[in-house]
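One structure below.
The values are calculated or read from the model by the stated rules, or taken from the named source; none is laboratory data. Computed from a predicted model, the values in this text were never measured in an experiment. Every residue, glycine as well, gets a Cβ built from its backbone with ideal geometry; the counts of neighbours run over all protein chains shown. Protein only, heavy atoms only, side chains kept; ligands, DNA and RNA dropped before computing areas. Shrake-Rupley method; radii C 1.70, N 1.55, O 1.52, S 1.80 Å.
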Amino acid sequence: MHNLVIHVLFGALLCAPHQCLECPSGCQCFAGTRTVKCVSKDLRAIPQDIPGYTRNVIITGHNIFRIGSETFQELKNVTAIILSNNRITEVASHSFSTLSYLRSLDMSCNHLTLIHPEALNIPGSPLKELNLSRSLYNYTSLTDLTTALRWGGLGGLLSLDLSGNRLVFLPPGMFSHLPSLQHLFLGNNSLASVYNGTFFGLRRLELLDLTRNSFRAFQGDALGELERLGQAPRILLSHNPYVCTCEIQDFAVWLKNSQAQVGDAEALTCASPWEFQDRPLRELGVQVIGCHATSPPLVGIRDEVGNLSLQTSYVLLGLVLGFVGMVFLFVLYLNRQGIKKWVVETRDACHGVLEGYHHRYEIDTDPRREYLSKDVRVEEKPPTNSSFGQAHSDNRLSQLPTDTCLVQIPSDTQLKPGSISVDL
């Protein structure tokens, strides 16, 4: 009996709170850190039997295509979730709304194509870190994310990672609803310009990463946006293909005179032209670049580029017109019977009309009618006005019925007053 009590007490010590709860199949549970880890087990959905004590959920390397509102419904104590590399394509509405203590969400390396406007909406805005690097599949997902950031109630978000998403454009005001944001990672994208209002509302920004993009120079609105960020944030701009021509002059001057903290200013170098390759931008100036000396060649290059673009446009136009012509001929071929019938009907109709005109023409050009109109005079000649009689006779002749046959009368025959006509 004594031994039995000892075994029960020993088992109770081993089965401390949360130690004896079952762990989902294919996962590992660590009661000490309250962590559940499921790695590369080809899961199709988030396990529903995750222990309620869990605070850290790590699920990576699976084929989980959708995150819904029911996915984490029972995990109200979770503070950190890692869902990277799961091929997730859809995040439904209120997918994390029950996670009142969630502070960190990592959904990197997925294929997000559909993000509901309220997918990130959590009452109380507890989320502080959001990692979506290498996750946005196309431009539509960027539009969805912009809407989700606006309607997600992420006023307490401190860090946002959008690196590695092949972004070429950032909608103005995209981050305006993230007033507490401190770290913004936009590196390793394809950004070529920054437009007016891109960073509007980022009053507490401390770090802005724009490295490894496609910036050739910062001009106009881009410089204005960087200047409006003030002195507080640390800006990273290295590893961009800067073209050191006259167009980069304003940017070089800004680097020298601006009070903004460009953390990697010494690493900013020219990528082209070859005579300035790998040369630091801070060493450049009007005299060094030689803007006035190189202006004509630059103009010539621009003209050549413009002509090449024009030729490309003509080629594309020709291809489009050729395609339209092929479609038109194909449609004609498909409707050849109907077109043939229409042509025949139109020809027959025109033939009947032309026959009528031809008959009228034969009547009007009959030489007998012309001969009669010259030699036959059926009239009454008043003794006082011969011209009036002639006109009156012609008028009567024109009023004869069409079936009246006129007979020629010899010219030496004397007509008596009256009219002569022969009716057949």
Inter-residue pairs, beta-carbon under 8 Å, first closer than 11 Å to Leu136 by Cβ and among the small types (Gly, Ala, Ser) and in region 106-122, second open to solvent by less than 50 Å² (accessible area, probe 1.4 Å) and outside any loop (DSSP other than H, G, I, E, B), 6+ apart: Ser108/Asn131; Ser108/Asp161
Only one of Ala192, Ala217 that is open to solvent by 50 Å² or more (accessible area, probe 1.4 Å), within 26 Å of Phe276 (Cβ to Cβ), within 26 Å of the chain's Cα centre (by Cα) and touching a residue at least 24 places away in the same chain (Cβ under 8 Å): Ala192
Residue list for region 114-144, filter: charged (D, E, K, R) and more than 19 Å from Gly187 (Cβ to Cβ): Glu118, Lys128, Asp144
Residues being within 17 Å of His111 (Cβ to Cβ), open to solvent by 50 Å² or more (accessible area, probe 1.4 Å) and not hydrophobic (A, V, I, L, M, F, W, C) - total across region 42-63: 2
Subset of region 42-52 [in contact with a strand residue (DSSP E or B) (Cβ under 9 Å, 6 or more places away or on another chain) and of a type outside the set (Gly, Ala, Ser)]: Leu43, Ile46, Pro47, Ile50, Pro51
Single match in Leu226, Leu202 (criterion: open to solvent by less than 40 Å² (accessible area, probe 1.4 Å), at pLDDT below 95 and assigned to a loop (DSSP other than H, G, I, E, B)): Leu202
Qualifying residue in region 273-295 (condition: under 34 Å from the mean Cα position of the chain (by Cα), modelled with pLDDT under 75 and open to solvent by 90 Å² or more (accessible area, probe 1.4 Å)): no
Tally, over region 240-262, of residues that are open to solvent by less than 70 Å² (accessible area, probe 1.4 Å) and either of a type in the set (Lys, Arg) or not in a helix (DSSP H, G or I) (or both): 9
Evaluation of Met174 against (1) touching a strand residue (DSSP E or B) at 6+ places or on another chain (Cβ under 7 Å); (2) of a type outside the set (D, E, K, R); (3) open to solvent by less than 10 Å² (accessible area, probe 1.4 Å) (one fails), failing number: (1)
Output for region 105-147, where each listed residue is part of a strand (DSSP E or B) and surrounded by fewer than 17 Cβ atoms within 10 Å (Cβ to Cβ): Leu114, Glu129
Every residue from region 148-163 that is within 26 Å of the chain's Cα centre (by Cα) and surrounded by fewer than 18 Cβ atoms within 10 Å (Cβ to Cβ): Arg150, Trp151
Set Arg166, Arg66, Arg87: member being out of contact with any strand residue (DSSP E or B) (no Cβ under 9 Å at 6 or more places or on another chain) and either open to solvent by less than 40 Å² (accessible area, probe 1.4 Å) or farther than 24 Å from Arg34 by Cα (or both): Arg87
